[in-house]
Amino acid sequence: MTEFVDGWIFGHTLGEGAFGEVKLVINKSTGEAVAMKMIDLEKHPDAHHTVRKETTIHRMLSNPNIIQYFGKRSEPNMEYIFLEYASGGELFDRIEPDVGMPIWEAQKYFKQLISGIEYLHSKGIAHRDLKPENLLLDEHDNLKVSDFGMATIYRLQGKERCLEKRCGTLPYVAPEVLLRPYHAEPADIWSCGIILVALLTGELPWDQSLAECPEYMAWRDGKYMSLTPWKKLDNSSLSLIKNILMHSPQSRFTVKNIKQHRWFIKKFQKAGNIEGYIRPDETDSRQIIEDENLTRFCLSQPELPAIENTNTVEINLEERPGFSFSQPAHIEDLLLCTQVQTKQFTQTSQQNTFQRLVRRMTRFFVKTELETTVKRLINCLKDENYTYRISNFGTITISGVDRRKMPLVFKANIVEMDGKILVDFRLSKGCGLEFKRRFVKIKSLLEDIILKGPVTWPIAVATECMP
């Protein structure tokens, strides 16, 4: 890992942003971990305004269910935003494709989401891109709303304005946002309702909430009970969702209504975890009508260059890319925001750094050697008609389209560790649920080489320290 400033070192890449990367920065002495969002101004000169707005909004916020902002640092061609590190990973990784999660767990996360949104709205702020990919989990499994790149202030000094910008991710966007103008709060509430459907069923109900979408029209016309995902839901869950996903924003449940609903109040018993997956219907090839104005499908997921297949399998695990640029000499140079004090980074727990690193369920160990593993994975990708690119340090970038014909890009990092080979998948661009479906399919095709039996947690996460 590369030293960023005195006592602080770069860890691995946490994610890829529309304007750059999100890196882990670790204090060598305390194990304190901070997420650093890097915005490349040379490649994206138009990002200045986005960074200024995002950091302005972040400075207004302090809530247990909102990702904490520490400050930012500016360089001529790069902006750095320092945020709380959510070591529990992304919420979508906890959702079993086409199944969801136990109702008690869904309720827990939904309650925390509503708490965070209630706080945002109390500050006059709308998020405008709520979805499981933008909801993170901390080390205690608490939900944190993140990615405020599309957030805006809609109420100031008691005066509320209607919003005009069409933004968000189509399956989560309220119908009025596509028609404009719209009120901020009902639009965010709608997105929360779609998230709840995903949590409980493991799928999204429609591609977009417009008349052109037959699944949405079946919902509006009340002809949905025999259709999925609605037939998977119990009456109490369906009652709440029906009141949230009301076409008319004036009729839609408010946060107050949601908190008073019997589903929200009820204490569900922990009946155990869902075992196994329901395989997705690979024949589903519904085409959505893409809105040309809805260009930002996910701020945290960038466009990537064209990818070409290659048969190269020579991977050098010793020559992983580092990181270099003009580095500040002192830790106080890390943050230029005057409100931020170094003590904010003091870690009370001396927990081992490896144990604090991000958890993911999209990884497995294999019994085969490196070259054999790569060949098997490549053959699998060819059979599934993926486009892919292999780097010489163990990363395969995989490109395709999802069921909605939207771009889907994810990466497989092949890591040699403790005498074993670990294959670790991470989403780069696209729908988190669709990524999980693809991972499940690829894993099933490689079932004969996957190492069975438990792997101790520290070993399973130790790879995350690698760049």
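The values are calculated or read from the model by the stated rules, or taken from the named source; none is laboratory data. Please read these numbers as outputs of a predicted model, since none were measured by experiment. Ideal geometry is used to build each Cβ from the backbone, glycine not excepted, and the neighbour counts take in all protein chains shown. Protein only, heavy atoms only, side chains kept; ligands, DNA and RNA dropped before computing areas. Shrake-Rupley method; radii C 1.70, N 1.55, O 1.52, S 1.80 Å.
I need the full set of residues from the range 29-47 which are out of contact with any helix residue (DSSP H, G or I) (no Cβ under 6 Å at 6 or more places or on another chain), touching a residue at least 24 places away in the same chain (Cβ under 8 Å), charged (D, E, K, R) and not in a strand (DSSP E or B), in order please.
Hits for the range 29-47 are Glu42, Lys43.
Which of the strands (runs of 3 or more DSSP E) contained wholly in the range 63-160 include at least 2 residues that are closer than 20 Å to Ile194 by Cβ? Outline the logic, then answer.
Values: elements: 69-75, 78-84, 135-137, 143-145.
In the range 63-160, the matching strands (runs of 3 or more DSSP E) lie at 135-137, 143-145.
Taking the conditions exactly as written (in contact with a Leu (Cβ under 9 Å, 6 or more places away or on another chain) and not acidic (Asp, Glu)), does Asn134 satisfy them or not? Write out each step before concluding.
On the way: in contact with a Leu (Cβ under 9 Å, 6 or more places away or on another chain): yes; not acidic (Asp, Glu): yes.
Yes, satisfied.
Examine the range 189-197 for a residue that is part of a loop (DSSP other than H, G, I, E, B) and closer than 27 Å to Lys259 by Cβ, and state whether such a residue exists. Full working, then the answer.
Taking the range 189-197 and keeping what is part of a loop (DSSP other than H, G, I, E, B), we get none.
There is no residue in the range 189-197 that is part of a loop (DSSP other than H, G, I, E, B) and closer than 27 Å to Lys259 by Cβ.
Looking at the range 50-79 only, could you name the residues that are open to solvent by 20 Å² or more (accessible area, probe 1.4 Å), farther than 16 Å from Val34 by Cα and among the charged types (D, E, K, R)?
Across the range 50-79, the qualifying residues are Arg52, Lys53, Arg59, Glu75.
What is the number of the single condition among (1) more than 30 Å from Arg438 (Cα to Cα); (2) in contact with a Cys (Cβ under 9 Å, 6 or more places away or on another chain); (3) at pLDDT below 95 that Ile117 does not meet?
It is condition (3) that Ile117 fails.
I'm trying to understand the selection: among the residues of the range 156-166, which are within 18 Å of Asp129 (Cα to Cα), modelled with pLDDT under 95 and open to solvent by less than 100 Å² (accessible area, probe 1.4 Å)? Write out each step before concluding.
First pass over the range 156-166, keeping only residues within 18 Å of Asp129 (Cα to Cα): 162-166.
Narrowing the set further to residues that are modelled with pLDDT under 95 leaves 164-166.
Passing the criteria: only Arg166.
Which one is farthest from Leu204 (Cα to Cα), of the residues in the range 408-429 that are assigned to a strand (DSSP E or B) and free of Cβ contacts under 8 Å to residues at least 40 places away in the same chain? Reasoning before the result, please.
Filtering the range 408-429 down to residues assigned to a strand (DSSP E or B) leaves 408-417, 420-429.
Restricting the remaining residues to those that are free of Cβ contacts under 8 Å to residues at least 40 places away in the same chain gives 408, 410-412.
Numbers: Leu408: 16, Phe410: 20, Lys411: 23, Ala412: 25 Å.
Among those that are assigned to a strand (DSSP E or B) and free of Cβ contacts under 8 Å to residues at least 40 places away in the same chain, it is Ala412.
Filter the range 395-407 for residues that are of a type in the set (S, T, N, Q) and modelled with pLDDT of 90 or more; which is nearest to Asp207 (Cα to Cα)? Show your work before the answer.
Going through the range 395-407, the residues of a type in the set (S, T, N, Q) turn out to be 395, 397, 399.
Now narrow it down to the ones that are modelled with pLDDT of 90 or more: 397, 399.
Values: Thr397: 26, Ser399: 20 Å.
Taking the candidates together, the pick is Ser399.
Do you know which residues across the range 400-428 are open to solvent by 20 Å² or more (accessible area, probe 1.4 Å) and under 19 Å from Leu136 (Cα atoms)?
Within the range 400-428, Arg426, Leu427 qualify.
Quick check on my filter: what residues within the range 377-396 are surrounded by fewer than 18 Cβ atoms within 10 Å (Cβ to Cβ) and touching a Ser or Thr at 6+ places or on another chain (Cβ under 7 Å)?
Result: Thr387, single match.
Can you pull out every residue in the range 409-467 that is modelled with pLDDT under 85 and aliphatic (A, V, I, L, M)?
Val415, Met417, Val455, Ile459, Ala460, Val461, Ala462, Met466
Of the residues that sit in the range 430-449 and are open to solvent by 30 Å² or more (accessible area, probe 1.4 Å) and of a type outside the set (Lys, Arg), which one is farthest from Ile396 (Cα to Cα)? Before you say what the answer is, go through the steps one by one.
Taking the range 430-449 first, the residues open to solvent by 30 Å² or more (accessible area, probe 1.4 Å) are 438, 441, 443-445, 447-448.
Among the residues that remain, those that are also of a type outside the set (Lys, Arg) are: 444-445, 447-448.
Numbers: Ser444: 18, Leu445: 17, Glu447: 19, Asp448: 21 Å.
Among those that are open to solvent by 30 Å² or more (accessible area, probe 1.4 Å) and of a type outside the set (Lys, Arg), it is Asp448.
Quick check on the range 205-216. Is at least one of its residues open to solvent by less than 30 Å² (accessible area, probe 1.4 Å) and either of a type in the set (A, V, I, L, M) or within 30 Å of Glu79 (Cβ to Cβ) (or both)?
Within the range 205-216, the subset open to solvent by less than 30 Å² (accessible area, probe 1.4 Å) is 205-209, 213, 216.
Add one more test, that the residue is either of a type in the set (A, V, I, L, M) or within 30 Å of Glu79 (Cβ to Cβ) (or both), and what stays is none.
The answer is no, given that none of the residues of the range 205-216 is open to solvent by less than 30 Å² (accessible area, probe 1.4 Å) and either of a type in the set (A, V, I, L, M) or within 30 Å of Glu79 (Cβ to Cβ) (or both).
Within the range 184-196, is even one residue at pLDDT 95 or above and under 21 Å from Lys405 (Cβ atoms)?
Taking every residue of the range 184-196 in turn, at least one turns out to be at pLDDT 95 or above and under 21 Å from Lys405 (Cβ atoms).
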